[in-house]
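Here is the structure we will look at.
The values are calculated or read from the model by the stated rules, or taken from the named source; none is laboratory data. What you are looking at is a predicted structure, and each value in this text was computed from that prediction instead of being measured. A quick note on method: Cβ atoms are made from the backbone with ideal geometry, for glycine too, and the neighbour counts reach across all protein chains shown.
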């Protein structure tokens, strides 16, 4: 296996930017290589933390779905309760995407009944907005200024 | 991938045929950063005279699905007006020269696009010029200039909905992962359409700092990148120019140049139009959504298209991230802002003053 995958990517990025880039002839290719180096650092962050961030999202979305269980369909509830098949990124993404789609549906339904809806509707709506704010902050790409 | 030597040879042959005089290329460079077209700057020897041109070549993949004919047509129709643009020279659809269609424009020399090194005063002067030009563009009659021959003419009351539907389609077609914030924005925009446009205007579509050239006197000498040009509500361009993404790290300054309220005032004076703040609010949320659509498309092109330009990845990953935060600022209910947030290792971008954004807090309550 590749030890310290994220660090390995960062080392290669540093090598690209510090040693290979200065020897590149054209201004265009230098800019391109510099950006590739920055993107490699962003990917390194994702390699290290991406799965964990997605799992935190899934956990928080599940908490919302528990409160909003009465508003979910049987099919949605099945997906919400589904086990994660593996910690492969593709499997985590699949579950994350499925839950996000349910979240979008739930938010849409709540908006349609929010004017006359019970207080619980507002609580769920607010919980979704709080989640979206935390989700956006959690996935901030910090490697690129 | 075409080499610079191939471009040199093909352009020399093409222009020799067009101008019927000997043409050779004495210098060539590829300009970094253009995500929609490959752009080359060439110095020519035209029968003993030095001349510089810009070549815009269609790439295998593009950030924006646009017709080169629309962009070139916009340059042709704007060039005779008081809006500064580079002179369009040729549009060539035959791929036998460069492997893809391309356009040729005159080069505007001794100019730059980067405002980051300018003094505050220089930025203000440039900003005044920028919004005077945008106002003049809005004041034009697009039919008189012949824009109805290159782009559809919408009804005034359809301008907003047509744009929303178009960019909604782009998001739904190109999203790799579901986009809950963009979806919330689409629902809000669909439920809160603005009043009809006060006039039909030429909308540049990407009027922002970085898309114009300016000289050492801080005068704008060329407005560039007309590929998203269309006819519509003049507030759309104003809103796009004010998007916080273009002021990242320097909140409160429109396009990093001058305060937002001053920019709007200059635009109103120059255009003779009024800025309905409620309508502008809608357009500001819309342009943030449109931007997300563009960034999502760039990510889709990067992953599934032929081109693997780093700029596509940069736009698709980083800009989507930032634009989502901008939309959240606009849409999040007021009483939830700053609540229940995990501490971030870096300071968040400052919120713009209420007078500038007037976000739609509470819209979803």
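A few comments on the model shown:
- At least 1 residues being modelled with pLDDT of 90 or more, under 20 Å from the mean Cα position of the chain (by Cα) and surrounded by fewer than 19 Cβ atoms within 10 Å (Cβ to Cβ) is the threshold, and among the helices (runs of 4 or more DSSP H) wholly inside segment B:292-365 those reaching it are B:320-331.
- Considering the conditions (1) closer than 19 Å to residue B:178 by Cβ; (2) within 12 Å of chain B (Cβ to nearest Cβ), residue A:123 is excluded by exactly one of them, (1).
- For segment B:188-239, the candidate set comprises residues that are over 24 Å from residue B:67 (Cβ atoms) and in contact with a strand residue (DSSP E or B) (Cβ under 6 Å, 6 or more places away or on another chain); within that set, the residue that is surrounded by the most Cβ atoms within 10 Å (Cβ to Cβ) is B:214.
- Against the test of being under 22 Å from residue B:226 (Cα atoms), surrounded by fewer than 19 Cβ atoms within 10 Å (Cβ to Cβ) and over 22 Å from the mean Cα position of the chain (by Cα), the options B:13, B:52 yield a single qualifying residue, B:52.
- Helices (runs of 4 or more DSSP H) contained in segment B:119-207 and holding at least 3 residues free of Cβ contacts under 8 Å to residues at least 40 places away in the same chain and within 14 Å of chain A (Cβ to nearest Cβ): B:180-191
- Some residue of segment A:22-34 being more than 13 Å from every other protein chain (Cβ to nearest Cβ) and farther than 30 Å from residue B:187 by Cα: yes
Rundown of residues vs (1) touching a helix residue (DSSP H, G or I) at 6+ places or on another chain (Cβ under 6 Å); (2) more than 15 Å from residue B:229 (Cβ to Cβ); (3) surrounded by 20 or more Cβ atoms within 10 Å (Cβ to Cβ), yes/no style:
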residue	(1), (2), (3)
B:95	no, yes, no
B:98	yes, yes, yes
B:104	no, yes, yes
B:118	no, yes, no
B:126	no, yes, yes
B:152	no, no, no
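- Scanning segment A:61-94 for residues that are in contact (Cβ under 8 Å) with a residue 40 or more places away in the chain, within 12 Å of another protein chain (Cβ to nearest Cβ) and either part of a loop (DSSP other than H, G, I, E, B) or under 15 Å from the mean Cα position of the chain (by Cα) (or both) returns A:61, A:92.
- Residues (within 14 Å of another protein chain (Cβ to nearest Cβ) and crowded, with 20+ Cβ neighbours inside 10 Å) located in segment B:18-34: B:30
- Test: residue A:105 is surrounded by fewer than 19 Cβ atoms within 10 Å (Cβ to Cβ), away from every other protein chain (no Cβ under 14 Å) and part of a helix (DSSP H, G or I): no
- Looking across segment B:64-93, the residues that are modelled with pLDDT of 90 or more and in a loop (DSSP other than H, G, I, E, B) come down to B:79, B:80, B:81, B:82, B:83, B:84, B:85, B:86, B:87.
- Those residues of segment A:126-145 which are outside any helix (DSSP H, G or I), facing another protein chain (nearest Cβ under 7 Å) and free of Cβ contacts under 8 Å to residues at least 60 places away in the same chain, in sequence order: A:140
- Residue within segment A:14-31 that is crowded, with 17+ Cβ neighbours inside 10 Å, within 22 Å of the chain's Cα centre (by Cα) and part of a helix (DSSP H, G or I) present: no
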